[in-house]
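Each remark here refers to the structure printed beneath this line.
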There are 4 protein chains.
Amino acid sequence: MSTSSAGSGGADRAAQLLVDVSGLQSAVERFVRARDWDQFHSPKNLVMALTGEAGELSEIFQWLTEEASHAVARDPATARAVRDELADVLIYLVRLAAVLDVDLDEAVATKLRANAQRYPVEQVRGSARKQRER
Amino acid sequence: MSTSSAGSGGADRAAQLLVDVSGLQSAVERFVRARDWDQFHSPKNLVMALTGEAGELSEIFQWLTEEASHAVARDPATARAVRDELADVLIYLVRLAAVLDVDLDEAVATKLRANAQRYPVEQVRGSARKQRER
Amino acid sequence: MSTSSAGSGGADRAAQLLVDVSGLQSAVERFVRARDWDQFHSPKNLVMALTGEAGELSEIFQWLTEEASHAVARDPATARAVRDELADVLIYLVRLAAVLDVDLDEAVATKLRANAQRYPVEQVRGSARKQRER
Amino acid sequence: MSTSSAGSGGADRAAQLLVDVSGLQSAVERFVRARDWDQFHSPKNLVMALTGEAGELSEIFQWLTEEASHAVARDPATARAVRDELADVLIYLVRLAAVLDVDLDEAVATKLRANAQRYPVEQVRGSARKQRER
């Protein structure tokens, strides 16, 4: 890093991060504190909440063919529902990571490295079976 | 930030985002392309994969009391398992958003605004019931 | 039915039931008691366990096309895995019903009647959309 | 079977079964056929539907303490919601088994035997950890 980059360390760091969820983490914390909902946000409860939201996402897609699932955003109401459920999953995931003091950027970096070792390109290329047999 | 920060607009933007998952999104796309796995990543399939990972998270916490769930990171092996599952959920969520062309930052911003309206502080403070009755 | 059927009331009742899970319920109760696992079987925990098993089922099917999902039993190992996961979901479901004192036969009978009213044949015939919009 | 048991064969068989879901299976099949919904009931889709219903069950319990989860039936509206979700999970499970031609009674019998071997009473008595480490 050149000396001229003094003060822009944030930009450099952000550029290197896989994910930066700090803004959402703070916003959710303020939201929860204002409502005194910390008491309900045990990791166990948040896992259930995340599971529930994943289930709602599932319900949107359950009767769609794979092909139709690609076009789910064409209907504006469904598109909004999908965005809302993705947001709900992400909000609970970020909240869960905060409560458990898990650094999501470190977690995904570690997982991607492990996945790269587990699924060598030459062995799994084009094979769903290999992907499934984890 | 000094006026000499021209070119560090990324930092400014990052500072305003609730989430920035662009690094992970690119990394996952490279990973998937190299293995020719795009063909399996229909939105429908990715929703199932996300649900499966949420289920694995659930299994870690299912027999723990809420109190014990707070201390789940004390056992190093369990802590690693939790980080891995959180990473898996996030990886599939980010992949799903990419495939559906959903901007997760916009999605969570919209959802947080809706939640703030839905759960006015003065009406829901300290009440799990209100939170549940969504 | 003739009057000579006295004593075969069990058969009559079984014939009219939609589901009879009493044998499994007793077997699971013996299994749990012998291991002193009642203490872990709160409804909340059992819901998480059921969710976890549903997630494992999801993982088996996530990369399969719908067409391939019909043929999942052709591979003996996968067929065994599917049967095991279906069994796990059913075991936790029956245990949950027992702990909550829910009569599953009454529950499904009530639900089927409600579904019949909710989805009149003439209005929903052949339409996944109607089925989805519950 | 001796001739003296004529007419009570159903009772004998029922007495030996762990689960008998044949009534529900037939009722659901009629329901589905009448609506021409077979086309949507691929195993893959049914797994997603089951997962979605498990998620709804999760949402009912997510903010409850374990203790409160035992008393969930005290509030009539919540009790009805719980029964409905249990029914939905069971209906999709039975439908999935039918479509996959899985005998649920055989599946749970096999699984219970495997569980008995996997968790010997003397080794796991009173331990959630052993139960978790499957």
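The values are calculated or read from the model by the stated rules, or taken from the named source; none is laboratory data. Fair warning: this is a prediction, and the values are worked out from it, not measured in the lab. Methodologically, a virtual Cβ is constructed for each residue, glycine included, from the backbone with ideal geometry; neighbour enumeration extends over all protein chains shown. Quick note on the areas: whole protein, heavy atoms, side chains included, nothing else; ligands and nucleic acids left out. Shrake-Rupley method; radii C 1.70, N 1.55, O 1.52, S 1.80 Å.
If we scan segment A:111-128, do we find a residue that is touching a helix residue (DSSP H, G or I) at 6+ places or on another chain (Cβ under 6 Å), facing another protein chain (nearest Cβ under 7 Å), open to solvent by 40 Å² or more (accessible area, probe 1.4 Å) and not hydroxyl-bearing (S, T, Y)?
The answer is yes; a qualifying residue exists.
Confirm whether B:L46 is buried (at least 22 other Cβ atoms within 10 Å of the Cβ) and within 25 Å of D:L64 (Cβ to Cβ).
No: the conditions fail for B:L46.
If you check D:E56 against the conditions, is it at pLDDT 95 or above, surrounded by fewer than 20 Cβ atoms within 10 Å (Cβ to Cβ) and within 14 Å of chain A (Cβ to nearest Cβ)?
Yes.
Considering segment A:80-90 alone, what residues qualify as being at the interface with chain B (Cβ under 7 Å from one of its Cβ atoms) and open to solvent by 20 Å² or more (accessible area, probe 1.4 Å)?
Passing the criteria: A:R83, A:D84.
If you check A:R95, A:R33, which single one turns out to be away from chain D (no Cβ under 14 Å) and basic (K, R)?
Step by step, each of A:R95, A:R33 is checked, and only A:R33 is away from chain D (no Cβ under 14 Å) and basic (K, R).
Applying the selection to segment B:27-41, what residues are surrounded by 13 or more Cβ atoms within 10 Å (Cβ to Cβ) and either closer than 15 Å to A:K111 by Cβ or among the hydrophobic types (A, V, I, L, M, F, W, C) (or both)?
Within segment B:27-41, B:A27, B:V28, B:F31, B:V32, B:A34, B:W37, B:F40 qualify.
Give B:S8, B:S2, B:S22 a once-over and let me know the one that is farther than 30 Å from C:G52 by Cβ, open to solvent by 50 Å² or more (accessible area, probe 1.4 Å) and at pLDDT below 95.
B:S2
Search segment B:77-120 for residues being closer than 20 Å to B:E53 by Cα and without any contact (Cβ under 8 Å) to a residue 24 or more places away in the chain, and hand back the single one that is farthest from the chain's Cα centre (by Cα).
Applying the first criterion (closer than 20 Å to B:E53 by Cα) to segment B:77-120 yields B:77-100, B:104.
Next, only the ones that are without any contact (Cβ under 8 Å) to a residue 24 or more places away in the chain stay: B:77-81, B:83-84, B:87.
Values: B:A77: 22, B:T78: 20, B:A79: 18, B:R80: 18, B:A81: 17, B:R83: 13, B:D84: 13, B:A87: 9 Å.
Top of the filtered list is B:A77.
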